[in-house]
Amino acid sequence: MRIRTSLLINIFFIGVVGFLGIVFARHAGAAIISIETQPQPVRVGETFLAVVHVDSEQKVINAVEGVLKYPTNILEVVDVSQGGSFLTLWPDPPSIDAEAGEISFTGGIPQGSLVLDGIALNITFRATAPGGGELEPLDDKTHVLLNDGKGTDTPVEGVSGLISIVEEETVTLYSPTHPDENMWYSKRIFTVQWSPDTDTLYSYHITQSPGSLPDSDQDPMRGEAQYTDLIDGVHYFMLKQQPQNGNWRLVAIRRVMVDTTPPLQPEVEIGSDASLFGGKEFLAFSSQDTHSGIRSFTVVEGDAVTQEAASPYELRDQSGTSALQVIVYDKAGNASATVVRQFDTMQESRYSSAQLFIFSIILLVISATLFYIVRSKVLTHPPKSI
């Protein structure tokens with residue numbers, strides 16, 4: 001009986017271990033796509049940032065494709081930014097299906113890379129109604145491809161982000177330096193203001209971690225705080241208050257987005273293809289921005305300026321004689337430019353400097369020849385004296 005019981009226990013133990021092994025093996029070494037959200041409840045009307053992270057789990061990858069699901073009954077998408085993403089190649093910008101509550105994206109890494117908790121996307125949501133829910137990667141529509149020459153689809157584990165939205169009244173924060181928390185600014189000095197209540201203590205700080213709360217030590221009650229040297233990135237100003245005979249509680253959060261660094265200088269190529277623009281010459285251009293992301297490109301051809309230009313861009317001047325440059329702007333208004341062709345006053349003619357030099361030599365030769373001929377005639381036939 002003891003032998004039989006021991007045997008049954010061993011079989012049960014082996015079965016449990018085997019089952020757990022199968023369960024954990026399913027995700028062993030799987031790439032992880034996770035969504036980081038704000039841990040504190042969000043109030044109706046407020047905006048918050050959700051960050052999509054990717055960890056390749058020691059694998060070299062070259063592409064990520066994903067669809068993220070969000071609850072449309074309590075959230076709306078304000079902005080999707082690739083700023084700061086480890087994905088540098090975007091065949092198309094991320095798309096939003098507001099009716100289905102889905103955000104789709106496809107990005108690549110041209111040379112492939114190991115990715116350790118890299119940022120893929122930054123998504124700004126606005127809370128529209130109280131309630132709770134999840135931001136989740138859809139398993140059947142999310143893929144991570146290996147940089148193995150075949151684009152092998154590696155297993156993916158999705159980690160959802162939880163959100164909670166409440167209607168609780170909050171302190172209103174205002175910033176004269178950064179008035180819209182959904183916009184990027186190229187200002188390092190940040191000022192925030194609120195109307196303080198009497199007999200109420202306040203504690204506040206600014207941080208780049210949305211989960212880091214202020215301590216419970218009183219700060220000066222003046223209804224204003226200023227920070228003079230914010231680094232590039234997303235910051236959160238958090239305000240706690242303690243009413244008389246009450247407890248400390250978080251009453252306001254304001255996001256501050258700073259980007260003082262221009263985008264990378266645009267990479268520009270002039271090309272032609274029979275399948276594009278009827279074989280006419282066009283510009284192909286691209287750039288990257290570390291923080292806020294690319295807002296737009298402007299193409300300048302001589303005196304003609306085309307804003308919101310898209311690549312590929314058909315050149316207006318097919319003769320190649322106009323000055324030409326491409327300017328890229330990020331979402332904070334910083335700009336970089338690449339001069340493709342530049343002509344000064346002396347070069348605005350249709351002749352190059354080399355051609356002008358050759359013409360000058362020819363003129364000198366002709367002038368010298370004429371001088372020699374005239375001089376020879378004078379010496380051969382001197383004028384008669386009167």
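The values are calculated or read from the model by the stated rules, or taken from the named source; none is laboratory data. Bear in mind that the values here come from a model prediction, so they are computed numbers and not experimental data. Because the Cβ atoms are built from the backbone with ideal geometry, glycine has one as well, and the counts that use them run over all protein chains shown.
May I ask you to say which residue of Asp215, Asp199, Asp153 is touching a strand residue (DSSP E or B) at 6+ places or on another chain (Cβ under 8 Å), more than 25 Å from Thr37 (Cα to Cα), touching a residue at least 12 places away in the same chain (Cβ under 8 Å) and of a type in the set (Asp, Glu)?
On the way: Asp215 fails: more than 25 Å from Thr37 (Cα to Cα); Asp153 fails: touching a residue at least 12 places away in the same chain (Cβ under 8 Å).
It is Asp199.
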Residue in segment 252-272 that is over 30 Å from Thr321 (Cα atoms), of a type outside the set (Gly, Ala, Ser) and loosely packed, with under 12 Cβ neighbours inside 10 Å present: no
Some residue of segment 268-286 being within 22 Å of Asp232 (Cα to Cα) and in contact with a Phe, Trp or Tyr (Cβ under 6 Å, 6 or more places away or on another chain): no
Residue list for segment 257-302, filter: part of a strand (DSSP E or B), in contact with a Leu (Cβ under 7 Å, 6 or more places away or on another chain) and in contact (Cβ under 8 Å) with a residue 40 or more places away in the chain: Val258, Val268, Ile270, Leu283
Test set (1) at pLDDT 90 or above; (2) in contact with a Phe, Trp or Tyr (Cβ under 6 Å, 6 or more places away or on another chain) - Ser104 fails condition number: (2)
Selection from segment 106-152 of residues that are part of a strand (DSSP E or B), among the polar types (S, T, N, Q) and surrounded by 13 or more Cβ atoms within 10 Å (Cβ to Cβ): Thr106, Ser113, Asn122, Thr124
Near pairs, Cβ below 9 angstrom, 6+ apart or cross-chain, from segment 303-322 (over 16 Å from Leu276 (Cα atoms)) to any residue that is in a strand (DSSP E or B) and basic (Lys, Arg): Gly320/Arg341; Thr321/Arg341; Ser322/Arg341
From the options Leu276, Leu370, Leu364, Leu315, residue that is at pLDDT 75 or above and crowded, with 16+ Cβ neighbours inside 10 Å: Leu315
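Here is a list: Pro155, Pro91. Which entry is in contact with a helix residue (DSSP H, G or I) (Cβ under 8 Å, 6 or more places away or on another chain) and surrounded by fewer than 18 Cβ atoms within 10 Å (Cβ to Cβ)? Before you say what the answer is, go through the steps one by one.
Working: Pro91 fails: in contact with a helix residue (DSSP H, G or I) (Cβ under 8 Å, 6 or more places away or on another chain).
Just one listed residue meets the conditions, Pro155.
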Long-range neighbours under 7 Å by Cβ, at least six apart or interchain, first residue over 13 Å from Glu157 (Cβ atoms) within segment 50-64, second of a type in the set (Phe, Trp, Tyr): Ala50/Phe125
Filtered residues of segment 51-76 (kept if in contact with a strand residue (DSSP E or B) (Cβ under 9 Å, 6 or more places away or on another chain), β-branched (Val, Ile, Thr) and surrounded by fewer than 19 Cβ atoms within 10 Å (Cβ to Cβ)): Val51, Val60
Filtered residues of segment 284-312 (kept if of a type in the set (D, E, K, R), buried (at least 18 other Cβ atoms within 10 Å of the Cβ) and over 20 Å from Phe86 (Cα atoms)): Glu301
